[in-house]
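Working notes for the structure below.
The values are calculated or read from the model by the stated rules, or taken from the named source; none is laboratory data. Source: prediction; values computed, not measured. Using ideal geometry, Cβ is built from the backbone for each residue, glycine included, and neighbour counts are taken over all protein chains shown.
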Amino acid sequence: MPWFRKKDQKIEPVPAEERVVRTENVFVRCEECGEHLYKRELEDALQVCTKCGYHFRMGAYERLAMLFDEGHYAELDAEVTSADPLEFVDKKPYTQRLKQAREVSGLSEAIITGRGKVGGHRVFAGAMDMLFIGGSMGSAVGEKVTRLIESAIKENGAVVTFAASGGARMQEGTFSLMQMAKIASALGTLDDQRLPFISVLTDPTTGGVTASFAMLGDVIIAEPKALIGFAGPRVIEQTIRQKLPKDFQRSEFLLEHGMIDNIVDRREMRDAIIKLLDFMMNPDINRDQPSVPASQSQHSQIRFPL
């Protein structure tokens, strides 16, 4: 806002109450440390606070652009969207919730999938988005993930997923729960073909997504301080009638107890995934090797240098 303006060929001062600097959409407040961050600087840091390292939530399209070489990829199965098999109604019809979710998020579904190169390797990746009904997994999400895996098998590529979900979508009932077994079966076939699956857990990863493909990766990586679990802490405390440990269900707790393989800062995530792909896509390792029991698998024996 200028402090002076021209009026009738005369320059006069602007009243003090109008001398306001417009900062809307210029600064973002960090939820962890309270610092006000310049939005452009935050975007350059991949939505990670430059003061304390807090990881803001990130959209699905941004995730894929961050992963693929030069941000280039071909989106897959964009036409696969949710239906309303149960004609479900709570406070409003499910069809209306879907419409609102598409308007709010700008997405057609809670996961975006794509095909491209990562460090020169052929990769099929999917990224979930909390803005679409809490990143919940319904029939369409399950179908897109399954097709993603099947495409990787067909083209001899790796699979990478970024989980961000509140769990299975209740409006689709058993149809949504069926997706857990459906995806797990496809991953079994991927494993038979000795093709890698890297699972990245972000905040939050809960419910049916955690209980299925998110925890089935050959390598499981999490972002710092991400909430990861099945049932919520409050439900668990009420069930077992005990106070849970500090930071229970956070990435650091899971790493300490052997539930995940590593915690990686988002700004280093792409490089870490490329290192894993360089190792796992090595034909000398992945081809013409005899099968080994799960207890002796590479996943259980090797600590990957992330």
List the residue pairs whose Cβ atoms are under 9 Å apart, where the first residue sits in region 172-192 and is assigned by TED's automatic domain parsing to the domain that holds residue 139, the second is part of a helix (DSSP H, G or I) and of a type in the set (Lys, Arg), and the two are 6 or more positions apart or on different chains. 186/147
Can you name the residue in region 1-54 that is touching an Asp or Glu at 6+ places or on another chain (Cβ under 9 Å) and among the β-branched types (Val, Ile, Thr) and is also modelled with the lowest pLDDT among such residues? 50
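Listed here are the residues, each with its yes/no results for (1) of a type outside the set (Asp, Glu); (2) within 20 Å of residue 125 (Cβ to Cβ); (3) buried (at least 23 other Cβ atoms within 10 Å of the Cβ).
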residue	(1), (2), (3)
135	yes, yes, yes
143	no, yes, no
174	yes, no, no
197	yes, yes, no
215	yes, yes, no
222	yes, yes, yes
Only one of 255, 244, 227 is within 25 Å of residue 168 (Cβ to Cβ) and over 14 Å from the mean Cα position of the chain (by Cα), namely 244
Filter region 123-159 down to the residues that are closer than 20 Å to residue 211 by Cβ, aliphatic (A, V, I, L, M) and under 16 Å from the mean Cα position of the chain (by Cα) and list them by number. 127, 128, 130, 133, 137, 141, 145, 148, 159
Can residue 239 be described as under 29 Å from residue 151 (Cα atoms), of a type outside the set (Lys, Arg) and not in a loop (DSSP other than H, G, I, E, B)? no
Within region 265-279, can you find the residues that are surrounded by fewer than 17 Cβ atoms within 10 Å (Cβ to Cβ) and without any contact (Cβ under 8 Å) to a residue 60 or more places away in the chain? 268, 271, 275, 279
Is one or more of the residues making up region 205-228 closer than 23 Å to residue 267 by Cβ, of a type in the set (S, T, N, Q), outside any loop (DSSP other than H, G, I, E, B) and in the same structural domain as residue 272 (by TED's automatic domain parsing)? yes
Please work out if residue 258 is modelled with pLDDT of 95 or more and of a type in the set (Gly, Ala, Ser). yes
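Is one or more of the residues making up region 80-88 over 19 Å from residue 222 (Cα atoms), in contact with a helix residue (DSSP H, G or I) (Cβ under 9 Å, 6 or more places away or on another chain), of a type in the set (D, E, K, R) and touching a residue at least 12 places away in the same chain (Cβ under 8 Å)?
For region 80-88, residues over 19 Å from residue 222 (Cα atoms), in contact with a helix residue (DSSP H, G or I) (Cβ under 9 Å, 6 or more places away or on another chain), of a type in the set (D, E, K, R) and touching a residue at least 12 places away in the same chain (Cβ under 8 Å): present.
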When you check residue 177 against the structure, is it among the hydrophobic types (A, V, I, L, M, F, W, C) and either under 19 Å from residue 63 (Cβ atoms) or touching a helix residue (DSSP H, G or I) at 6+ places or on another chain (Cβ under 6 Å) (or both), yes or no? no
